[in-house]
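Student: This is the structure I want to talk about, given as structure tokens.
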Amino acid sequence: MIARIRLAASLAIAGAALAVAQPALADGDVVCSSGPRENWKSINDLKKAAWLERWEIIETRIEGDCYEVYARNERGQVLEAFFHPVTLEKLVVFRRGSEVYRKRGFTG
Amino acid sequence: MIRKLRPLVWLLLALPALAMVYQLASGATFAFKLLHPTGELALRLMVVALMVGPLITIFGRNRFLLGWLALRRNIGVAAFIYGLMHLVFYVMDMGAIGPIIDEFWLPGIWSGWLSFALMLVAASISADWAVKALGPWWQRLQYAVYGAVLIGALHWYWLDNNAGPALVHLAPLFVLWTLRAVVKRTRRARKKAKEKESLA
């Protein structure tokens, strides 16, 4: 009986720990604070911004409140770049998860 | 029973792969987009294969768990095939050896190679004759899958900068491993108590 209670208790503790840990660890999302969608520039403008970087676009998508571009640069490196949807500024760039560029002062 | 079930299980395991290859061939998708689903499936299937061991320790042998156990090697091989597809799509997407070597030492990349290498160890000895030939070493070599799962989850975390999805996938294993440890300890304690009783 005591063993069963102990089992149930450890299960509950493990579950609670996971529930607490999950949101605390899920901090990888880039936040652009870009406001309502009607003010956003078009995806075509985003593609132009990526083209101006001389990148070959693999995929564009909306990630949270940011524009996200997967692209290949001239050296064949695969990049994951976040652009501000209103200003189309390049905010942060990852290469396979490692940060390779961040706009000065950007903390989102 | 399992003999009859096995082809059905394999069909089920192959369905996502068939859908992916069909979409790729018809131009509905491209290699880059298939990286995520193949990697996720490889990890999920490894987790499913590893779950049955602790479940049997905790709940004892029943028909359902024994059936699951009998299919475990099949599930593991399917996980490896999705891992292999993941690698093939990666190479297809990169298109050349130069950029692949160039990014090898990035944490998000070497972790993927390492996880795949560990899966390869386990999968390469999955034939019946290998099980027989290796004896106790077979089980020891299969522990490579533990490494493949943990490093595979790390690979996901490093690529995504987000621990959430990888942790959710590992959660069932962490819960079961904890439970198994607790159950084993209580059983040991009970056995000791009984021995003491019989001595007294």
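Student: In the stretch A:81-91, is there at least one residue being more than 17 Å from A:R37 (Cβ to Cβ), crowded, with 18+ Cβ neighbours inside 10 Å and touching a His at 6+ places or on another chain (Cβ under 9 Å)? Show your work before the answer.
Tutor: Here is the first cut: in the stretch A:81-91, the ones more than 17 Å from A:R37 (Cβ to Cβ) are A:81, A:89-91.
From what's left, crowded, with 18+ Cβ neighbours inside 10 Å: A:81, A:90-91.
Right, trim to touching a His at 6+ places or on another chain (Cβ under 9 Å) and you get A:90-91.
Scanning the stretch A:81-91, I find at least one residue that is more than 17 Å from A:R37 (Cβ to Cβ), crowded, with 18+ Cβ neighbours inside 10 Å and touching a His at 6+ places or on another chain (Cβ under 9 Å), so the answer is yes.
Student: Evaluate the stretch B:31-39: report whether one residue or more is β-branched (V, I, T), in a helix (DSSP H, G or I) and crowded, with 17+ Cβ neighbours inside 10 Å.
Tutor: Quick first cut of the stretch B:31-39, residues β-branched (V, I, T) only: B:38.
Next cut, in a helix (DSSP H, G or I) only: B:38.
If we keep only those that are crowded, with 17+ Cβ neighbours inside 10 Å as well, we get B:38.
Taking every residue of the stretch B:31-39 in turn, at least one turns out to be β-branched (V, I, T), in a helix (DSSP H, G or I) and crowded, with 17+ Cβ neighbours inside 10 Å.
Student: Would you say A:F94 is farther than 19 Å from B:G108 by Cα and among the aromatic types (F, W, Y)?
Tutor: Values: farther than 19 Å from B:G108 by Cα: no; among the aromatic types (F, W, Y): yes.
It is false that A:F94 is farther than 19 Å from B:G108 by Cα and among the aromatic types (F, W, Y).
Student: So how many residues does the stretch B:113-161 have that are polar (S, T, N, Q), within 14 Å of chain A (Cβ to nearest Cβ) and under 15 Å from B:L43 (Cβ atoms)? Full working, then the answer.
Tutor: So in the stretch B:113-161, the residues polar (S, T, N, Q) come out as B:115, B:124, B:126, B:139, B:142, B:161.
When the remaining residues are screened for being within 14 Å of chain A (Cβ to nearest Cβ), the result is B:161.
With under 15 Å from B:L43 (Cβ atoms) added as a condition, the list becomes none.
Counting residues in the stretch B:113-161 that are polar (S, T, N, Q), within 14 Å of chain A (Cβ to nearest Cβ) and under 15 Å from B:L43 (Cβ atoms) gives 0.
Student: Also, I was wondering about something else. Looking at (1) under 30 Å from A:E99 (Cα atoms); (2) loosely packed, with under 13 Cβ neighbours inside 10 Å, which is the one condition that is false for B:L106?
Tutor: (2)
Student: When you check A:I62 against the structure, is it within 20 Å of B:N161 (Cβ to Cβ) and touching a helix residue (DSSP H, G or I) at 6+ places or on another chain (Cβ under 6 Å), yes or no?
Tutor: no
Student: Name the helices (runs of 4 or more DSSP H) wholly inside the stretch B:74-175 in which the number of residues that are in contact (Cβ under 8 Å) with a residue 24 or more places away in the chain is 3 or more.
Tutor: On the way: elements: B:97-102, B:107-124, B:128-134, B:136-142, B:144-160.
Qualifying helices (runs of 4 or more DSSP H): B:107-124, B:144-160.
Student: Just to be sure, is B:L66 part of a helix (DSSP H, G or I), away from chain A (no Cβ under 14 Å) and farther than 21 Å from B:V145 by Cα?
Tutor: On the way: part of a helix (DSSP H, G or I): yes; away from chain A (no Cβ under 14 Å): yes; farther than 21 Å from B:V145 by Cα: no.
Taking the combined requirement at face value, the residue does not satisfy it.
Student: Quickly run through the stretch A:68-108 and pick out the residues that are among the aromatic types (F, W, Y) and within 24 Å of B:H155 (Cα to Cα). Give the steps one after another, and end with the answer.
Tutor: At the first step, the residues of the stretch A:68-108 found to be among the aromatic types (F, W, Y) are A:70, A:82-83, A:94, A:101, A:106.
Result: A:Y70, A:F82, A:F94, A:Y101.
Student: Return the only residue of B:L12, B:L43, B:L8 being surrounded by 14 or more Cβ atoms within 10 Å (Cβ to Cβ), of a type outside the set (D, E) and assigned to a helix (DSSP H, G or I).
Tutor: Values: B:L12 fails: surrounded by 14 or more Cβ atoms within 10 Å (Cβ to Cβ); B:L8 fails: surrounded by 14 or more Cβ atoms within 10 Å (Cβ to Cβ).
Only one candidate passes the filter, namely B:L43.
Student: Please find, within the stretch A:16-43, the residue that is modelled with the highest pLDDT out of those that are in a helix (DSSP H, G or I) and touching a Leu at 6+ places or on another chain (Cβ under 8 Å).
Tutor: So the first thing to find is which residues in the stretch A:16-43 are in a helix (DSSP H, G or I), and the list is A:16-25, A:37-39, A:43.
Cutting the leftovers down to touching a Leu at 6+ places or on another chain (Cβ under 8 Å) gives us A:18, A:21-22, A:25.
Values: A:L18: 58, A:A21: 55, A:Q22: 50, A:L25: 45.
The residue in question is A:L18.
Student: Still on this structure, please answer the following. For the stretch A:92-107, enumerate the residues that are within 17 Å of A:V69 (Cα to Cα) and of a type outside the set (V, I, T). Working first, answer last.
Tutor: Initially, the stretch A:92-107 is screened for residues within 17 Å of A:V69 (Cα to Cα), giving A:92-103.
Across the stretch A:92-107, the qualifying residues are A:F94, A:R95, A:R96, A:G97, A:S98, A:E99, A:Y101, A:R102, A:K103.
Student: For A:Y67, only one of the following conditions fails: (1) within 18 Å of the chain's Cα centre (by Cα); (2) modelled with pLDDT of 95 or more; (3) within 14 Å of another protein chain (Cβ to nearest Cβ). What is its number?
Tutor: If we test A:Y67 against (1) within 18 Å of the chain's Cα centre (by Cα); (2) modelled with pLDDT of 95 or more; (3) within 14 Å of another protein chain (Cβ to nearest Cβ), just (3) comes out false.
The values are calculated or read from the model by the stated rules, or taken from the named source; none is laboratory data. If you're wondering where the values come from, they're calculated on a predicted model, not measured in any experiment. So basically every Cβ, Gly included, is an ideal-geometry build from the backbone, and we count neighbours across all protein chains shown.
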